[in-house]
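To start, the structure itself, in structure tokens.
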Amino acid sequence: MAKIKYIEFNGNAHEVEVPNGMTVMEGAVRSNIPGIDADCGGGMSCATCHVYINDDEWLKKLPEKEMGEDDMLDQAFEPKSNSRLSCQLIVTDDLDGLIVHMPEKQV
Amino acid sequence: MIKTDVVIIGAGPTGLFCAHQLGIIGLKCEIVDNLDKIGGQCIELYPDKPIYDIPAVPECTGEELTNNLIEQIKPFNFNFHLSDRVQELKSENDKWIVKTLNGKEFETPNVVIAGGVGSFEPRKFPTKSTEKYHGKSVLYSIKDKTIFKDKSVVIFGGGDSALDWAIELSNLSKVTLVHRRDEFRGLPASVKKIKELSDNKTINLITKYSIKDVHGNGSLESVEIKSESGENKVIKADYVLGFFGLIMQLGPIAEWGLNLDKKTIPVNTENFETNKKGIFAIGDICTYPGKLKLILSGFHEGALAARGCFKHARPDEKYRFEFTTASSTIKDRLGVKE
């Protein structure tokens, strides 16, 4: 279980507990947190669950991107070097306290 | 005006199997899809990716699944209307009048929306200022490459479309290719070619930059790009091309008066009809308690929606359930010789 804070582009913050094994994307969708669309449902095929990890420590701590994630991020709205696809971040106790920021929009 | 029993919106696996079920029970249908090929997400997003959860098919790719479904509905000779999109639904004397972007019109008692998560459209630049040049000097696809002859063309993107066009246009135009990182996701041979063209100064390759703004006075003159660390550059541009893949948009479906729950359409699970009589929704686009976004769920939903369509298309007939193994009527429809 990890407490994750999702911050919308307009600054609205949502903090929810996400069970281990779920993805950061699923944690948002099941709590109806706006800002993460996840059109493809977690298949790494759409780049609409794009988030920024603004904290460098967290960025380093997260599991590295697998092949394909950066390719998909090329197609996201305003990707940056701290961009991740939240469907590729699987929740463990280690992610407790993670803060993700949403882009202005997903498409 | 084409008269039919059912118009299916979406030629993905769900739409295709629904067509099969309509054929089996003796109804006609017309299938509209805005992609230029049959298969929906299976073909557009993951033609080569294996799928492991189709019942009785341990493993197949999106392309194989699509080809098998096409084969399965061949006996019915249904018409496909590709590269077209349903724009408008209008109710008229218990029928639906369906109009497409390309001007086709259908009259039908039933419409089955099997639209996945909407229609695929090119992903556009995030900058507002590009909008006034859309379709003129800011383009997301190329129909006629001769317009670029001797022009300054700035291409954005790192996939095959961006690389292919950068290579192709390098003979014809002054090409700049801009990508947000050093790695490209295109075919290795294309990446190698791009590096060669950049090394011998045939093209101008700029990485770790993205679009910031476009400038012009009536016509486009330049594009401004930015790096993450805040450096800006201005590049002369007659044309700016963006290749960022496709996004899925609900599009006109949102304007048909259907109940919507986020980007999905609530249905009843008896026949997958929406809040409008004669309009059904199946596959990823529909929602109900317990909905799973699996292809197999789409197949089930299509089979039940087809029976729902029968009631409206043949109000005076009683639907009779038959097995394909035993029914000679169905075998006739399939063209099976015994």
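Per-residue ellipticity at 222 nm computed for chain A from its helices equals -4000 deg cm²/dmol, with DSSP H segments shorter than 4 residues left out and the rest contributing -39,500 (n - 2.57). Dipole of the range B:57-192 computed with +1 at Lys/Arg Cβ and -1 at Asp/Glu Cβ about the Cα centre; of B:Gly103, B:Thr61, B:Phe80, farthest Cα towards the positive end is B:Gly103. The packing ranking of peptides B:87-97, A:34-44, highest mean first, is A:34-44, B:87-97, where packing means the average number of other beta carbon atoms within 10 angstrom of each residue.
At 4 °C and 1.567 mPa s, grab the translational diffusion coefficient of chain B from Stokes-Einstein with a Kirkwood Rh over Cα pairs, rounded to a whole number in µm² per second. Don't skip to the end; give the middle numbers.
Values: Rh = 22.4 Å.
D = 58 µm²/s.
Sorting the Cα pairs of the protein assembly as shown by distance into bins of 20 Å, from 0 upward, gives 23, 50, 26, 2 percent per bin. Close amide H pairs (under 5 Å, H built 1.01 Å from N) link B:Ala11 with B:Gly39, B:Gly40, residues at least 5 positions away or on another chain.
Between 0 and 90 degrees, the angle of helix B:62-73 with respect to the longest Cα principal axis of chain B falls at about 40 degrees. Only Cα sites of chain A enter the Debye sum here, all with the same form factor; the resulting log10 I(q)/I(0) across q = 0.19, 0.25 1/Å is -0.88, -1.68, listed in q order.
Over the whole of B:30-43, what's the average partner chain Cβ count within 10 Å per residue? Rounded to a whole number, please.
On the way: counts 0, 0, 0, 0, 0, 0, 0, 0, 0, 0, 0, 5, 0, 0.
Average per residue, whole number: 0.
Local charge sum around A:Asn12 (other residues, Cβ-Cβ under 14 Å, Lys/Arg +1, Asp/Glu -1)? Charge balance in the 14 Å sphere: -2. Dividing the convex hull volume of the alpha carbon atoms of the range B:1-126 by its residue count gives 124 Å³ per residue. Look at the stretch A:65-75: the mean tally of other chain Cβ atoms within 10 Å of its residues' Cβ atoms is 4.
May I ask you to order B:41-54, A:60-73, A:15-28 by the average number of other C-beta atoms within 10 Å around their residues, highest value first? All intermediate terms of the calculation are to be shown ahead of the outcome.
On the way: B:41-54: 16.2, A:60-73: 14.3, A:15-28: 18.1.
Output ranking for B:41-54, A:60-73, A:15-28: A:15-28, B:41-54, A:60-73.
To the nearest ten degrees, helix B:295-313 and the longest principal axis of the Cα atoms of chain B are 50 degrees apart. Helix B:188-199 axis versus longest C-alpha principal axis of chain B: approximately 20°, rounded to the nearest ten.
Give the distance, in whole Å, between the Cα centre of the range B:119-160 and the Cα centre of the range B:271-338. For the range B:119-160 versus the range B:271-338, the Cα centre distance is 42 Å.
Candidate cross-link partners of B:Lys331 among the aspartates and glutamates, defined by an alpha-carbon separation under 16 Å and a same-chain spacing of 8 or more, comprise B:Glu71, B:Glu322.
For chain B, give the share of DSSP beta bridges that are antiparallel, in percent and rounded to the nearest 5; count only bridges with both residues there.
On the way: 32 of 67 bridges.
So the antiparallel bridges amount to about 50 percent of the total.
Each residue of the range A:47-62 was assigned a 3J(HN,Hα) from its phi angle through the Karplus curve 6.51 cos²θ - 1.76 cosθ + 1.60 (θ = phi - 60°); the sequence is 6, 10, 10, 5, 9, 9, 10, 6, 8, 4, 4, 5, 4, 6, 6, 5 Hz, with glycine and proline shown as x.
By the rule of a C-alpha distance below 15 Å, with chain neighbours fewer than 8 residues away ignored, the aspartates and glutamates paired with B:Lys149 are B:Glu168, B:Asp238.
Other residues lying with their Cβ under 13 Å from the Cβ of B:Tyr288 contribute a combined charge of -3, Lys and Arg counting +1, Asp and Glu -1.
Neighbouring Cβ atoms from other chains, within 10 Å of the Cβ of residues in B:244-254, number 3 on average. Out of all DSSP beta bridges with both ends in the range B:73-229, state the antiparallel percent to the nearest 5. Bridges in the range B:73-229 are about 60 percent antiparallel.
Taking Cα pairs under 8 Å and at least six residues apart, what relative contact order does the range B:124-244 come out at, in percent?
Values: 235 pairs, mean separation 40.5, N = 121.
Relative contact order for the range B:124-244 comes out at 33 percent.
The relative contact order of the range B:31-175 comes to 16 percent, based on Cα pairs under 8 Å that sit 6 or more residues apart.
The numbers here are math on the coordinates, done by the rules we state, and not lab data. Bear in mind that the values here come from a model prediction, so they are computed numbers and not experimental data. Every residue, glycine as well, gets a Cβ built from its backbone with ideal geometry; the counts of neighbours run over all protein chains shown.
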